[in-house]
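Enquirer: The structure is given below, and queries will be raised subsequently.
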Amino acid sequence: MEMKKQPFAIPTVCKMQNRIDPTPDYQRPPAWSRKQKQLLMDTILRNYDIPKFYWRKVNRPDGVQYEVVDGQQRLRAIWEFEADGYPLPKDTDPIDGHKVAGLKHSQLPIEIMQKFDEYSLDVIIIMDAIEDEQENEVRDMFLRLQNGTTLKAQEKRNAMIGTMRDFVRQTAGHPFFASCHFANSRYAFDHIAAQTIMTEINGGPANVRDADLNRMYRENADFDPAGKVAKKVRRVFDFLKAAFPEKTPELVRYNVISLYAIASQLIENYVWQGLHTPLAEWFIAFEQERASNELLADIDEGMGDVALIEYKRLTSQSTDTEESIRGRVEFLEKRFFEAYPTIEQTDPKRGFSHEQRLAIYRRDGGQCRLAVKCDGVKVGWDNWHADHIIAHSKGGKTTVANGQLACVDCNLSKGAAS
Ligand SMILES: [Zn+2]
């Protein structure tokens, strides 16, 4: 991969708009709020440095095009400001003694407009090379820019000695990975296999950054490939392969670990037989809804579904931290259990599970549905009971469908009455 640095003045970048593709398919950064855009303009007008842009040069039949590998939100913010799409904030301090608060681009004093026009963007141009190989390298580079994973990290782990290394390698060869929409460049399959094994060892989402994975390899150098964890990992991947038998565009890198965590949970605690297809169909529909929501949010920041925008944030920053993975998994589980409310626990004596409670709370809009003492009061997440609509003692199942949100008062009085 060949790269060269090139400065571009803002007017040039604006004139080049029809030759720049800000959203090649590996790009999924979060939509920017107006505040973020305004902050960037303020930075530029005060002549402070901003991070480099990365563009990939592509030769198309109709001429040279650039795909934005990193910096698409900044680029859009610049274009939009230049076209008078939004003003500077009303509380902006003067720049070089000129009042600029609340002004749009075309209203700026000439001296300030000149600063904008003379500001130079540092662009790293990635030169076109052999298509496929470069595609993977550009994707990798993008991932690295996003979560700081070094390219060599998995390669180094593959050189470590021990049965954990062997088990990760074996897992990376599971047929499920053939259904994924990414290549095994730089040992991507090994990397994700290691992350899922770490999740299984931890009993749920864990930090799976390079340092965490290195530690797992070291501490499990005598890992038993016929033991309980290994068997479970194989069962989960068998489940996922049955769910996604064919190559599936929605199976991008960061999705595999969330799906793994959900399938692992289903196998552990629920009657999961027959849930392969529902999980896959639901997931694909969800991803489509999310993609169209992103388009809406791109057009107008007020139009996107707030919960989906938050989910998007969790898929675009520090995607290998426990917080991000847990957030994504809970978000998906709550929607999945809401979509399939009759999924039963293997051991119903346990009461409603965390993910069932999440789905019930969301479905009932946080309001008491029992409403015998109250008239449907809104309760906080920490302050409610999941109530069996048909009592457990009368054969009522512990499912989302047979569960409802009850405030503490109503639930206690129901208990007293029966
Ligand atoms: Zn109530």
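None of the figures in this text is laboratory data; all of them are computed from the coordinates on show. Since this is a predicted model, take the numbers as computed values, not measurements. Every residue, glycine as well, gets a Cβ built from its backbone with ideal geometry; the counts of neighbours run over all protein chains shown.
Enquirer: Rounded to the nearest 0.05, what FRET efficiency is calculated for L39 and A391 with R0 set to 56 Å and r the Cβ-Cβ distance? Can you show the working numbers first?
Expert: On the way: r = 56 Å, r/R0 = 0.99.
Efficiency at R0 = 56 Å is approximately 0.50.
Enquirer: Diagonalise the Cα gyration tensor of the range 202-301 and give the resulting equivalent ellipsoid semi-axes, square root of 5 times each eigenvalue, largest first, whole Å.
Expert: Values for the range 202-301, descending: 29, 20, 11 Å.
Enquirer: Which whole-number percent is the relative contact order of the range 152-339 (Cα, under 8 Å, 6+ apart)?
Expert: Taking the mean separation of contacting Cα pairs over the length of the range 152-339, I get 25 percent.
Enquirer: Something else about it: Along the charge dipole of the range 152-339, which of N214, T196, A242 sits closest to the positive end, that is, farthest toward it, with unit charges on the beta carbon of Lys, Arg, Asp and Glu (+1, +1, -1, -1)?
Expert: My answer, from the dipole projection, is N214.
Enquirer: Using only the Cα atoms of the chain, construct the convex hull and provide its projected area averaged over every direction, in square nanometres to one decimal.
Expert: Seen from a random direction, the Cα hull of the chain projects 25.1 nm² on average.
Enquirer: Could you pull out the pairs from K35/K378; K228/K397; K37/K334; K37/K90 whose alpha carbons sit more than 22 Å apart here?
Expert: K35/K378; K228/K397; K37/K334
Enquirer: While we're here: For the range 3-133, build the convex hull from the C-alpha positions and give me its volume per residue in Å³.
Expert: Normalising the Cα hull of the range 3-133 by residue number yields 107 Å³.
Enquirer: Using only alpha carbon positions, build the gyration tensor of the range 152-339, then give the equivalent ellipsoid semi-axes as the square roots of 5 times its eigenvalues, largest first, whole angstrom. Working shown, then result.
Expert: Values: eigenvalues 160, 71, 44 Å².
Whole-Å semi-axes of the equivalent ellipsoid: 28, 19, 15.
Enquirer: Further question on the same structure: What pairs in K5/K52; K15/K115; K394/K414; K4/K152 have C-alpha atoms more than 19 Å from each other?
Expert: As for pairs spanning more than 19 Å Cα to Cα, those are K4/K152.
Enquirer: For the range 343-418, which chymotrypsin sites (Phe, Trp or Tyr not before Pro) are in a loop by DSSP, counting at most 11 other Cβ atoms within 10 Å?
Expert: Details: sites: F352, Y361, W381, W384; in loops: F352, W381, W384.
Hits after loop and neighbour filter: W381.
Enquirer: Okay, moving on. Given N residues in the range 348-417, what is Rg(Cα) / (2.2 N^0.38 Å)?
Expert: So the Cα radius of gyration is 1.01 times the expected 2.2 N^0.38 Å.
Enquirer: A further question on this structure: Sorted by packing (mean other beta-carbon atoms within 10 Å per residue), highest first, where do 91-97, 195-201, 276-282, 9-15 land?
Expert: So the order, starting with the most tightly packed, is 195-201, 276-282, 9-15, 91-97.
Enquirer: I need the GluC sites (Glu not before Pro) found in the range 312-418, filtered to DSSP loop residues with at most 10 other beta carbons within 10 Å of theirs.
Expert: none
Enquirer: Calculate, for T342 and M16, the FRET efficiency according to 1/(1 + (r/R0)^6) with r their C-beta to C-beta distance and R0 45 Å; round to the nearest 0.05.
Expert: 0.25
Enquirer: When only Cα pairs under 8 Å and 6 or more residues apart are kept, what is the percent relative contact order across the chain?
Expert: 13
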